[in-house]
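Here the structure is laid out as structure tokens; the discussion comes afterwards.
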Amino acid sequence: MIHFLFFQFGPPLHTILPSGWFEFNLGIFWGYTSLWYLYALPVYFIVCKLAVQYRCSALLGACLLAVIGDSGIFPMIGNSASLVHNLFFYMFAAYFPSLVQGVANQARKRLILAIISFVVASALMSLATYFKLSTDTNSTAINSAMGILDLALGFLGIGVGIKVFNLLAPKIRGISFIFGYIGRNTLPIYVLHLPLLSLINLLFAETSMSLWVSLLYPFAALIGVILLCLVLYQILLFLKLSFLFQKPVLTNQRKREDNTAVKKWMVS
Amino acid sequence: MNQEERLLWPDVAKGFAITLVVLSHLTSKHYPMLLVQVPDYVFLLWLGVSDFLAPIRMPLFFAISGFSLLDHLQNHGPLFGQRKYYPCTIYTSYGI
């Protein structure tokens with residue numbers, strides 16, 4: 001709600017904003033705006049918990065849902081297509097963590113092949129998307145085929161990511177420390193970066209840049225925005241506003257939950 | 001609970017994925033505001049980098065989030081009948 005209020009009255013940013021009560025509800029309770037991850041995670045959790053007895057069927061269902069969502073048969077509101085598309089990846093890792101850990105444990109196995117396959121496939125997919133957009137193609141068959149390819153590519157991307165990070169994390173300590181810290185603080189970065197970007201829009205909209213500055217600017221801005229998010233988060237914690245980043249609970253059990261929350265990432 | 005026992009790669013991978021999310025929003029929502037000053041090919045270059053890494057960005061983020069669900073799926077009992085899940089269930093149900 002704070003996010004919506006900020007963008008209703010705040011600086012400009014190319015993002016979806018609610019224009020009335022109905023869209024406001026969509027924004028809060030459905031993956032309508034750029035904050036759709038916040039809705040996706042509880043939805044995915046509930047779906048996975050409900051279908052835990054039927055893992056393979058549920059995964060197949062998630063795959064079909066993703067393809068149907070990408071096909072364009074049904075109109076998708078806001079970021080709903082992304083919400084439906086990514087359930088498959090979440091569900092796969094939730095139901096088959098031993099496979100994920102297996103990929104991590106065998107990080108060196110076929111690593112080069114996986115990286116080359118990913119680079120080629122991702123480049124081809126980017127080209128296909130470009131041609132699809134430039135020719136304004138909107139066929140259900142093509143959309144569905146691209147949806148399937150996108151799922152396969154995402155799967156390959158996960159494999160490459162797991163292999164690379166498992167291999168590099170213990171070796172490049174400095175970078176691992178930075179990304180590890182970022183990884184443990186994704187919520188404040190996700191929630192705060194868009195308002196900060198809109199403020200930076202105000203600062204730099206009319207600024208002239210040389211070629212080299214414009215080339216390097218996104219990299220510098222990326223570091224700056226993430227750093228600002230983390231600093232702002234620490235300030236909010238200092239001001240006792242940590243509740244802004246915590247899930248609602250009905251009982252006084254947050255401490256007990258916090259103690260057990262990361263057990264699954266622990267090596268037994 | 002010793003922090004050194006915690007697996008490092010899921011945190012690092014998730015950190016990289018959220019960095020790509022910020023880069024994606026930066027190139028698609030903020031960079032266009034500078035278009036007057038930024039040459040088209042530089043803009044397309046960064047947009048291309050972000051697009052190229054898109055198959056890692058969200059799939060990896062959600063896969064790591066799902067991976068961290070293991071404990072809840074195995075050890076925390078059924079969804080219904082547990083007060084700690086009520087807010088999440090009510091929220092999701094209303095959304096659907």
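The values are calculated or read from the model by the stated rules, or taken from the named source; none is laboratory data. Note that the structure is predicted; figures quoted are calculated from it, not measured. No Cβ is skipped: glycine too gets one built from the backbone with ideal geometry, and neighbour counts run over all protein chains shown. Please note that ligands, DNA and RNA were not included when accessible areas were found on the heavy atoms of the full protein model with its side chains. Shrake-Rupley method; radii C 1.70, N 1.55, O 1.52, S 1.80 Å.
Brief remarks on what is shown
- Single unsatisfied condition, A:Met125 versus (1) assigned to a helix (DSSP H, G or I); (2) out of contact with any Leu (no Cβ under 9 Å at 6 or more places or on another chain); (3) within 13 Å of chain B (Cβ to nearest Cβ); (4) modelled with pLDDT under 90: (2)
- Identity of the residue in the range A:128-141, part of a helix (DSSP H, G or I) and at pLDDT below 85, that ends up nearest to A:Leu156 (Cα to Cα): A:Thr129
- Looking only at residues in the range A:130-154 that are open to solvent by less than 90 Å² (accessible area, probe 1.4 Å) and facing chain B (nearest Cβ under 10 Å), the one that is nearest to A:Gln101 (Cα to Cα) is A:Gly154.
- Filter pass, A:Arg173 being touching a residue at least 12 places away in the same chain (Cβ under 8 Å), more than 8 Å from chain B (Cβ to nearest Cβ) and more than 23 Å from the chain's Cα centre (by Cα): no
- Filter pass, A:Leu187 being crowded, with 20+ Cβ neighbours inside 10 Å, of a type in the set (A, V, I, L, M, F, W, C) and part of a helix (DSSP H, G or I): no
- The number of residues in the range A:190-236 that are β-branched (Val, Ile, Thr) and outside any helix (DSSP H, G or I) comes to 1.
- Of all residue pairs spaced 6 or more apart or on separate chains, those with beta-carbon atoms under 6 Å, a first member in the range A:65-79 that is at pLDDT below 80 and a second member that is among the aromatic types (Phe, Trp, Tyr) and not in a loop (DSSP other than H, G, I, E, B) are A:Asn79/A:Trp36.
- Scan of the range A:239-254 for residues that are more than 21 Å from A:His3 (Cβ to Cβ) and either modelled with pLDDT of 90 or more or open to solvent by 90 Å² or more (accessible area, probe 1.4 Å) (or both), ordered by number: A:Leu250, A:Asn252
- Note on the range A:216-228: residues that are crowded, with 16+ Cβ neighbours inside 10 Å and more than 7 Å from chain B (Cβ to nearest Cβ) total 2.
- Matching residues in the range A:60-77 - criterion: being buried (at least 19 other Cβ atoms within 10 Å of the Cβ) and within 14 Å of chain B (Cβ to nearest Cβ): A:Ala62, A:Ala66, A:Gly69, A:Asp70
Condition check ((1) hydrophobic (A, V, I, L, M, F, W, C); (2) over 23 Å from B:Trp9 (Cβ atoms)) across all residues:
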| site | (1), (2) |
| --- | --- |
| B:Leu23 | yes, no |
| B:His30 | no, yes |
| B:Met33 | yes, yes |
| B:Pro39 | no, yes |
| B:Val42 | yes, yes |
| B:Ile56 | yes, no |
| B:Leu60 | yes, no |
| B:Ala63 | yes, no |
| B:Phe67 | yes, no |
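- Of all residues in the range A:109-119, those satisfying the criterion of being surrounded by 13 or more Cβ atoms within 10 Å (Cβ to Cβ) and aliphatic (A, V, I, L, M) are A:Leu111, A:Ala114, A:Ile115.
Every residue, every condition in (1) farther than 15 Å from A:Ser34 by Cα; (2) open to solvent by 20 Å² or more (accessible area, probe 1.4 Å); (3) within 7 Å of chain B (Cβ to nearest Cβ), yes or no:
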{"position": "A:Gly180", "(1), (2), (3)": "yes, no, yes"}
{"position": "A:His193", "(1), (2), (3)": "no, no, yes"}
{"position": "A:Leu197", "(1), (2), (3)": "no, no, yes"}
{"position": "A:Thr207", "(1), (2), (3)": "yes, yes, yes"}
{"position": "A:Ser210", "(1), (2), (3)": "yes, yes, no"}
{"position": "A:Ser214", "(1), (2), (3)": "yes, no, yes"}
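- Test set (1) within 7 Å of chain B (Cβ to nearest Cβ); (2) of a type in the set (S, T, N, Q); (3) open to solvent by 60 Å² or more (accessible area, probe 1.4 Å) - A:Gln106 fails condition number: (1)
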